[in-house]
Amino acid sequence: MNIGLSSACFYPLETEKSLIRAAETGAKAVEIFMNADSEFTPRSLNLFKSIKDEYGIEIPSVHTMASFTESYYLFSSYRRRYIEARETLFRRHFEVMHRLGADILVMHGIKLPGSISDEEYFERFGELILLGEKEGLKVCQENVVHYRSESPDFLLSMAQYIGGSFNMVFDIKQSVRAGFDPFEFSARLHPYIRHIHISDHSAGRDCIVPFSGGSFDFKRFFSAMKGFGYKGKYILELYENGYENDSQLAYAVKELEKLF
């Protein structure tokens, strides 16, 4: 199965309940979005693993819990805080990934404007990437509006600076929110895209469930990404106001798989 679902679709429902709801839509791949310190305990990880095994789902990716605070903990001008967070908050996600079989860690990075230079940011992110590589994991930069990563030019500079270890997650809705055409954005960054968040949009709403009046051409997008050699997952990531009921999610996953 190439189409999956993010547990973030059900936020603020507890993560274990979100995993169950995602699995019950029929999605065979589920991205897990960590949301609380207690979810890193052995008890929680065992629960997540039992749900994964019971429903026979794959968990290809993990989204960091502190995405909105990464700027403060990892990418501020206070380097000591970065070092401490790197060894505690950041590394904890690796244990989750190993336990659940995920190999992609999704990060937002530094918000605009930020308190460190691009070069310092690239250096730190590169260090995090190397920590992941030592564990056999990919630490990926996501494009996110109101973050430096909203810009394709910034991401290309980041890729050039870091080199062959740079990987990213491409998010359709974030591209739209930042004012960039998703097809042009993904075409420019395609050599580095390892994971994709999908959603639909219309003139009045920038994040809705596919097949509910949106305008995005998924067939064209899948074809383009295949042409670029992309072989990763497409994870449907919505917010609770982006759909009406779980049956819409189930239908979208099924129909998107047919298009693929």
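The values are calculated or read from the model by the stated rules, or taken from the named source; none is laboratory data. Treat the numbers as computed from the prediction; the structure is a model and nothing was measured. Glycine gets a Cβ as well: all are built from the backbone with ideal geometry, and neighbour counts include every protein chain shown.
Considering only residues in the stretch 13-30 that are in contact (Cβ under 8 Å) with a residue 40 or more places away in the chain and not aliphatic (A, V, I, L, M), the one that is farthest from L256 (Cα to Cα) turns out to be R21. For the stretch 230-243, the criterion of being more than 20 Å from the chain's Cα centre (by Cα) and either aliphatic (A, V, I, L, M) or over 23 Å from E58 (Cβ atoms) (or both) is met by no residue.
Restricting attention to the stretch 195-218, the residues that are among the hydroxyl-bearing types (S, T, Y) and without any contact (Cβ under 8 Å) to a residue 24 or more places away in the chain add up to 2. Residue count for the stretch 157-172 satisfying the condition of being over 28 Å from L238 (Cβ atoms) and either within 15 Å of the chain's Cα centre (by Cα) or surrounded by fewer than 18 Cβ atoms within 10 Å (Cβ to Cβ) (or both): 6. Could you tell me whether the stretch 231-253 includes any residue that is under 29 Å from G164 (Cα atoms), among the aliphatic types (A, V, I, L, M) and at pLDDT 95 or above? Checked the stretch 231-253: at least one residue is under 29 Å from G164 (Cα atoms), among the aliphatic types (A, V, I, L, M) and at pLDDT 95 or above.
Residues of the stretch 232-250 that are assigned to a helix (DSSP H, G or I) and surrounded by fewer than 18 Cβ atoms within 10 Å (Cβ to Cβ): E240, N241, D246, S247, A250. Reported count of residues in the stretch 251-260, each being surrounded by fewer than 19 Cβ atoms within 10 Å (Cβ to Cβ) and touching a residue at least 12 places away in the same chain (Cβ under 8 Å), is 6. Looking at F211, F221, F170, F180, which one is closer than 27 Å to T69 by Cα, out of contact with any Leu (no Cβ under 7 Å at 6 or more places or on another chain) and among the aromatic types (F, W, Y)? The conditions single out F180.
Here's the yes/no breakdown for (1) of a type in the set (A, V, I, L, M); (2) crowded, with 21+ Cβ neighbours inside 10 Å; (3) not in a helix (DSSP H, G or I):
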| position | (1), (2), (3) |
| --- | --- |
| S175 | no, yes, no |
| F180 | no, no, yes |
| R188 | no, no, no |
| H195 | no, yes, yes |
| S202 | no, no, yes |
| F216 | no, no, yes |
| F221 | no, no, no |
| K226 | no, no, no |
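Suppose we keep only residues that are out of contact with any His (no Cβ under 9 Å at 6 or more places or on another chain) and among the β-branched types (V, I, T) within the stretch 42-98. Which one would you say is farthest from I235 (Cα to Cα)? Of everything passing the filter in the stretch 42-98, I83 is farthest from I235 (Cα to Cα). Considering only the stretch 31-49, state which residues are free of Cβ contacts under 8 Å to residues at least 40 places away in the same chain and closer than 24 Å to R194 by Cα. Result: F33, N35. Considering the stretch 67-100, the residues that are without any contact (Cβ under 8 Å) to a residue 40 or more places away in the chain and crowded, with 18+ Cβ neighbours inside 10 Å include one that is farthest from the chain's Cα centre (by Cα), namely A85.
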